1. Taking 0.36 nm per intervening residue step and subtracting the Cα-Cα distance, what contour gain separates Q119 from E89 on full extension?
2. Where nothing but the Cβ of Lys and Arg (+1) and of Asp and Glu (-1) is charged, how large is the charge dipole of region 1-58 around its Cα centre, in debye to the nearest 20?
3. For the chain, what is the accessible area per residue in Å², given a 1.4 Å probe and the full set of protein chains?
4. Add +1 for every Lys or Arg and -1 for every Asp or Glu among the other residues with Cβ under 14 Å from the Cβ of S21, and state the total.
5. Using only the alpha-carbon atoms, what does the chain span along each of its principal axes? Please give whole angstrom values in decreasing order.
6. Please state the charge dipole magnitude for the chain, taken about the Cα centre, from unit charges on C-beta atoms (+1 on K and R, -1 on D and E), reported in debye and rounded to the nearest 20.
7. Please report the equivalent ellipsoid semi-axes of region 3-43, computed as sqrt(5 x eigenvalue) of the Cα gyration tensor, largest first, in whole Å.
8. Quick check: at a probe of 1.4 Å, how many percent of the accessible area of the chain sits on carbon and sulfur atoms?
Amino acid sequence: QVQLVESGGGLVQAGGSLRLSCVASTRTFGSYAMGWFRQGPGKDREFVAAISWSAASTYYADSVKGRFTISRDNAKNTVYLQMNSLKPEDTAVYYCAAGLTPVRHTVEYEYDYWGQGTQVTVSS
């Protein structure tokens, strides 16, 4: 069992920044690709960003490209999502996910473990 705990969400004005963190309780964190997904009010859960196990590759949804940056620190079992230039459309619960065998990295079914989510609210 891999447990993921997100933190760093909160209320921010449009144009502001937040940094989300996700800590994993596994001794093999470096073997997992990590992803961020989000679900806004009245919307389906959607892909946001992902990073390969080696951190050699990153992936971003078009809606966040250029504004969000995903990174990882394997020594700390932590993946981060730096969110800049936030928009009201970014308001959502953000979920951290881990997967051992992703190919595309951008689809939910490639991830095996999920956190409980952290709320991000962007006011206009």
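The values are calculated or read from the model by the stated rules, or taken from the named source; none is laboratory data. Worth saying up front: this structure is predicted, and the values here are computed from it rather than measured. Methodologically, a virtual Cβ is constructed for each residue, glycine included, from the backbone with ideal geometry; neighbour enumeration extends over all protein chains shown. In case anyone asks, the SASA skips ligands and DNA or RNA and just uses the protein heavy atoms, side chains included. Shrake-Rupley method; radii C 1.70, N 1.55, O 1.52, S 1.80 Å.
1. Working it through step by step, the gained length comes to 9.5 nm.
2. The calculated dipole for region 1-58 is roughly 60 debye.
3. Averaged over the residues of the chain, the accessible area is 51 Å².
4. Taking every other residue near S21 into account, the sum is +1.
5. Dimensions of the chain along the principal axes of its Cα atoms: 41, 25, 25 Å.
6. Dipole of the chain, to the nearest 20 debye: 260 debye.
7. Whole-Å semi-axes of the equivalent ellipsoid: 25, 13, 9.
8. 47 percent
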